[in-house]
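Asker: One structure is given below, represented as structure tokens, and several questions about it will come after.
Nothing in this text is a laboratory measurement; each read-out follows from the coordinates by a stated rule. Keep in mind the model is a prediction, meaning the values are calculated, not measured. Every residue, glycine as well, gets a Cβ built from its backbone with ideal geometry; the counts of neighbours run over all protein chains shown.
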Amino acid sequence: MLRLENDLSQLGAEATAFLGKRHGLHIGGKTKPTKDSYALTDPTSGAVIGHAAEATTDDIDTAVKAARAALSGPWARMRPNERELCMLRLADLVEKHETELSQIETVCSGRLLGNTRGVDVGYSAHFLRYMAGWSTKIEGQTMRLSIPYLPEGDFSGFTFREPIGVVAAIVPWNVALGIAVWKIAPALAAGCSIVLKPAPQTPLSTLRFAELALEAGIPEGVLNIVTSSNAKIGAALVNHPDVNMVTFTGSTAVGRQIAMDAASGLKRCSLELGGKSPFLLFADAPLERAIPDAAWAIFSNHGQNCCAGSRLYVHESIYEEVLDGVVQIAKSIRLGSPLDASSQMGPVVTRSQQERIQNFIAAGQAEGARLAYGAAAVDHPGYYVSPTVLADVTPDMSPVREEIFGPVLVAASFKTDEEALALANNSEYGLGASVWTNDFERVNRMTRGLEAGSVWVNVHNALDVALPFGGWKNSGLGADLSETAVLAHTKVKASVHRHF
Ligand code: NAD
């Protein structure tokens, strides 16, 4: 077994210095100290690795006021191409600080360094550049009008898209900086200002990102970060009367509460919630590709992935072969310190997540699932969970119905295409789904029939910045990424001009 605890002496000087800092909130371009702070722990050991500022409801008010003021300051006077240039500079700075940002993210979350480097840094820089381009491409319409009760007039009509205003963004820990940038970049492209609350466990990468945003020329007050260990602070942000839009990624339970709070203030709301995504494997699929992809669709990021392929449905003729292949991969996965390049899985984020995942594994077996693979609990203070495969499951079992958000795959076989589709759609969630087959007609039928915001064919969890990513059913409302996300941060103004 590899070393499980992080060796923090491996960190660079910048990450070490940032972790050790006495952090405040980032409001109006300044660091605002707070009276209280809370401890951040290293998931590989449970040791305290730093402290984050504990915001109060007064701090939320100050942050929202700073964001509101920014909407009548230099940010509002910038031309769209100046916003674009700021975002392009920010993308360059994110890449320049790749080591620092990815190391900070890894030690707070337990996610592999290769993953935080690729997703939170690399994908974020790519996405910022894509969204920067939208700053100059937000368009309205022009038309000649025929207003029935003004028959004599000759009128032209125009629509304008203006920034929606102050955006409250609330994000989870599983891809902390990456998802924060999914929220921040379209809001910047549209000319909005933002107050973002990171998850309690992973506040530091976003605080560092906000400093880089200032360095890139994004004016003070446009991006504000409030940190807290208290869920009431997130609720205070959502409920602040001067917030115009709420954008949230997290669990369905919290999302539902946020939707109700936003509705009472008539605020626009975008929700990216939980998932229980099916991986449908048909007998004609190329198994040499499909088996490793089925394994990594669930085990990558330790299963802490909203669109993880957590339900594997396989045609009965290849079920045992596929199951055996996935189990062999699960057995071979190297658990270890996420700073170590040879580790393939690190710990999950917290002790409570570790316990919750283990409870689901036990419940599944008690409800009749077969444990095809799962090593005993790792005897270590870190929050490690073995990759686990529960076979021969039925739709009523709790690990099949509920999002586990850990490295636990449930698997079952099907006989017909109709049965495969019914199994896939038998879920309260509808985030993603993948279909593995080379049969063109089947691809068409499945793509039409699957109840999910994203359908992938012969690939799983393929998210491109140019395609909208949003959930159906209890997986969300609205979408992140793409033009769709930019337009969601605008409000439409219609204007009528009379010609004499
Ligand atoms: P969570 O819902 O517990 O918390 C998310 C955020 O909401 C945190 O910052 C938390 O402090 C805050 N919060 C909690 N209660 C609040 C309230 N009443 N009002 C406002 N804010 C509140 O989720 P988590 O455990 O941090 O993350 C895991 C969940 O996120 C999983 O369900 C996962 O599927 C989901 N997720 C979804 C996507 C997606 O794009 N669909 C992506 C990643 C994660």
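Asker: Longest span of the chain, sites excluded, free of GluC sites (Glu not before Pro) in DSSP loop with at most 12 other C-beta atoms within 10 Å?
Answerer: 153-500
Asker: Which one, 38, 221, 420, projects farthest toward the positive side of the charge dipole computed for the chain from Cβ point charges (K/R +1, D/E -1)?
Answerer: 221
Asker: Would you be so kind as to identify which of 279, 315, 108 lies farthest towards the positive end of the dipole of the chain, taking Lys and Arg as +1 and Asp and Glu as -1 on Cβ and the Cα centre as origin?
Answerer: Value computed over the given set: 108.
Asker: Run the simple label-point estimate for residue 143 and residue 328 please: 7 Å along Cα→C-beta, distance reported in nm.
Answerer: 6.1 nm
Asker: Another question, if that's okay. Set the Förster radius R0 to 35 Å, insert the Cβ-Cβ distance between residue 459 and residue 401 as r into 1/(1 + (r/R0)^6), and round the FRET efficiency to 0.05.
Answerer: With R0 = 35 Å, the Cβ-Cβ based efficiency is 0.85.
Asker: How large is the charge dipole for the stretch 84-214, taken about the Cα centre, if only the Cβ atoms of Lys, Arg (+1) and Asp, Glu (-1) carry charge, to the nearest 20 debye?
Answerer: Its charge dipole is roughly 260 debye.
Asker: Applying the Karplus parametrisation 6.51 cos²θ - 1.76 cosθ + 1.60 with θ = phi - 60° to the phi angles of the stretch 381-391, what ³J(HN,Hα) value in whole Hz is obtained for each residue in order, glycine and proline being reported as x?
Answerer: x, x, 9, 8, 10, 5, x, 9, 10, 9, 9
Asker: For residue 253, what is the net charge nearby, where nearby means another residue's Cβ is under 15 Å from its Cβ and Lys, Arg count +1, Asp, Glu -1?
Answerer: 0
Asker: List, in the order given, every pair from 32/493; 96/493; 30/183; 232/267; 32/137; 183/267 whose Cα-Cα distance in the structure shown is over 28 Å.
Answerer: Among 32/493; 96/493; 30/183; 232/267; 32/137; 183/267, the Cα-Cα distance tops 28 Å for 32/493; 96/493; 32/137.
Asker: Rounded, prolate or oblate for the chain? Axes are the square roots of the Cα gyration tensor eigenvalues, ordered a ≥ b ≥ c, and the cut-off for rounded is a/c under 1.5.
Answerer: Oblate shape, in that a/c is at least 1.5 and b/c is the bigger or equal ratio.
Asker: What length, rounded to one decimal in nm, is gained on full extension from residue 321 through to residue 351, with 0.36 nm per residue of separation minus their alpha-carbon distance?
Answerer: So the extension gain works out to 7.3 nm.
Asker: Roughly how many debye, to the nearest 20, is the charge dipole of the chain about its Cα centre, given +1 on each Lys and Arg Cβ, -1 on each Asp and Glu Cβ, and no other charges?
Answerer: Dipole about the Cα centre, nearest 20: 1500 debye.
Asker: Right, something else. Taking R0 as 51 Å, what FRET efficiency do you get between residue 14 and residue 150 from their Cβ-Cβ distance, rounded to the nearest 0.05?
Answerer: It comes out at approximately 0.20.
Asker: Within 10 Å of each candidate Cβ there may be at most 11 other Cβ atoms; applying that plus a DSSP loop requirement, which chymotrypsin sites (Phe, Trp or Tyr not before Pro) in the stretch 117-192 survive?
Answerer: 149
Asker: With charges only on Cβ, +1 for K and R and -1 for D and E, what is the dipole size of the stretch 407-446 about its Cα centre, in debye, rounded to 20?
Answerer: Dipole of the stretch 407-446, to the nearest 20 debye: 80 debye.
Asker: Right, another one. What FRET efficiency comes out for residue 7 versus residue 230 if R0 is 30 angstrom and r is the Cβ-Cβ distance? Round to the nearest 0.05.
Answerer: Taking R0 as 30 Å, the efficiency between residue 7 and residue 230 is 0.40.
Asker: Turning to a different aspect of this structure: Suppose each label sits 7 Å from its Cα in the direction of the beta carbon; what would the residue 69-residue 426 distance come out to in nanometres?
Answerer: Each label point lies 7 Å from its Cα, and together they span 5.8 nm.
Asker: Residue by residue through the stretch 295-310, what is 3J(HN,Hα) from phi via Karplus (6.51 cos²θ - 1.76 cosθ + 1.60, θ = phi - 60°)? Round to whole Hz and write x for glycine and proline.
Answerer: 5, 7, 4, 9, 7, 5, 6, 6, x, 8, 9, 4, 10, 3, x, 8
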